[in-house]
Each structure stands twice: as C-alpha cells, then as structure tokens.
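The values are calculated or read from the model by the stated rules, or taken from the named source; none is laboratory data. Bear in mind the structure is a predicted one, so any value in this text is a computation, not a measurement. Please note: Cβ atoms are built from the backbone with ideal geometry, for glycine as well, and neighbour counts cover all protein chains shown. Side chains included, ligands, DNA and RNA excluded: accessible areas come from the protein's heavy atoms. Shrake-Rupley method; radii C 1.70, N 1.55, O 1.52, S 1.80 Å.
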Amino acid sequence: MKLSIVSPVYRAENDLDELVIRIKMSVPDNFNTLEIILVDDFSPDNSWSKIQQLSQDNPEIIGIKLSRNFGQHYAITAGLDHVTGDYIVVMDCDLEDRPEEIPNLYDKAKDGFEIVLARRHNRQDSFLKKTFSKAFYRTLAYLTGSKQDEAIANFGIYSSAVISEVRKMRESIRYFPTMVKWVGFKSTTVDVAHASRQDGASNYNFKKMANLALDIILAFSDKPLRLIIKFGATVAFIAFAMAIYTFVQWLRGEVLVSGYASLIISIWFLSGCLLMTLGVIGMYIGKIFEGVKNRPLYIIEEIING
C-alpha cells in the first residue's frame, strides 16, 4: 500500500528538515511506498529552496510551488490533486501536528473508518486563538446546523475514496475540514497530543482568521439570509401592532402631537436594518460573482518529482 502526506508550506524553512525526518520515521509498517507532497504557498522565506534541496535527497518528496499566495486550504487542494496513495494524511508543516501520531490514526482507520480526524485534547495555541476558535466553531455550528469541534482542524488520515470525492468539489471558497464533513463516509476521531509551534509565530492573525470565518459562513450556510427574513418579519409584526395601537388611540381621541425623538429613532433604526440586510445580501452576491468567474483554484509555477 501507498501512503501520501500532504502539507501546505508557508514560512517553514526551519521546520522542513525535521518534518521530513519525523514523517519517514513514523510511517506504519503496512505501507511499502511513501510520497510526501510539500506545497509552497508562495512563502516569502526560503521554504521553496529547502523543498528543492530535500527533493533531491528524497525522491519520495514531491514539491509544488504556487505562483502566488492562494491560502492554506487552496494549497491543500493543490496537494490533494496530486496524491496517488491508498491513504492520505493532511497535516500542517509547523510540527504542531505531530507525525508520531500517524500510526495511531491509521490503527483506527483499520477498524473500517474512511475518515479519522485528529482531536487535539490539549491545544498549545495562544489564549486569543483558542477563544476565537471556540467562538467561531460555535457560530458555524449554529449557522450550519451541524456539530463542530474546535479541537479538530486539518490533521487526519483519509481513504482515497474520501479524497476522490473531495477533489470533485471545485467551489471557489475552500475550507478542508467542512468539505470532508460534507462528503460523509464513516468517520471517527482520535485524541492526539498537540505540540507548540517550534519556529516563529502563527501566520493567522486576527484579520486573516476573521476573513476566513466570514468566507466559510457565507460558503457553507444560508442561515444569515433566513435570519434576516425572520428579523424583517418580526419588525413588520411590531410595526403593524404599533399601527393598530396608534389607530385605536386616534379613534379614542388620545393622539397627541408626535414626538420628534421617536420619529428620528424609528427612521434611523429602520434605515440601519435595511442597510444591514442589503450588506448581507451583497456579500452573498459577491461570493456568487467570484464563483461564476470559474477561475482556477490555484496556479502551479513549478513542480519537482511530480
């Protein structure tokens, strides 16, 4: 059998040597062939030079360089489009995902599971990142009506059948964990140790995480639109009730001169609601506009051993 490892690379030149060594030491005995696909997402450091060097010494390494920075999940897509293994492991390159956990994931896969996800039971991320992650996944679970776990990311082992179906999904907004969840198949989780980042800081700052969260919610849920409809119906019902109340007051001769404050507040409130509604609809239309362009998900500038 053949095992494929896919790892997107960004600002990781100091981690790649150790990553490759630890992966090769961790391959289960059941696999007699290995391929390691390292996808350089146009990293500004010397990651690509390091991949070139490693690929010369290790023929099982396939190096892919993208023409610009497309993003982590697009780099994962580029790697998955080139895998040929019976089982595929997707993992980050910064060694927070420990290669030594791969045998544990495969042992669980042998029980008949097509998807085995690594659940980080003791995350080593910063407090801010863990807090944002928890809030995001709870929001995503609410908006999509599905169970989400902030302790699960990309790391896991997947059968070739699962990856074959994931590769058919060519929408312009990519988020690998949700795509895997959507295709179905028999899945489970395995608790794994989570290592702290060995070199540098995380490449995901708050702005990047917020933009990613917004893209994922717009791509995988239409609930914001349905919430707006409910909100609009609620406002309309309250306005109708107030209209009836005012009409009754008029019939009873109790209507006084309308107050300036209430009029201004009503105008500003309803104007804000309208602008918010148009904004949400506009974001969905914007994502539709991006999708119908049908541009390639990524562009490969160079490939080694592929």
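For a quick check of your reading of the filter: which trypsin sites (Lys or Arg not before Pro) in segment 34-85 sit in a DSSP loop and have no more than 10 other Cβ atoms within 10 Å? Within segment 34-85, the qualifying trypsin sites (Lys or Arg not before Pro) (loop, at most 10 other Cβ atoms within 10 Å) are 68. Note on residue 48: accessible area approximately 20 square angstrom, rounded to 10, probe 1.4 Å, nucleic acids and ligands left out. In order along segment 12-29, the phi-based Karplus estimate (6.51 cos²θ - 1.76 cosθ + 1.60, θ = phi - 60°) of 3J(HN,Hα) comes to 9, 4, 7, 9, 5, 4, 5, 4, 5, 4, 5, 5, 5, 6, 9, 5, x, 5 Hz; Gly and Pro are listed as x.
Which whole-number percent gives the relative contact order of segment 1-106, counting Cα pairs below 8 Å spaced six or more residues apart? After rounding, I find 44 percent. Ordered by solvent-accessible area of protein heavy atoms (1.4 Å probe), largest first, the residues 194, 121 come out as 121, 194. The HN-Hα couplings worked out from phi for segment 68-77 by the Karplus form 6.51 cos²θ - 1.76 cosθ + 1.60 (θ = phi - 60°) are 7, 7, 8, x, 4, 6, 6, 5, 4, 4 Hz, whole numbers, x standing for Gly and Pro. Accessible surface computed residue by residue for segment 29-96, with neighbouring protein chains in place and a 1.4 Å probe, gives 35 Å² per residue. The solvent-accessible area of residue 227, taken with every protein chain present and a 1.4 Å probe, is close to 60 Å².
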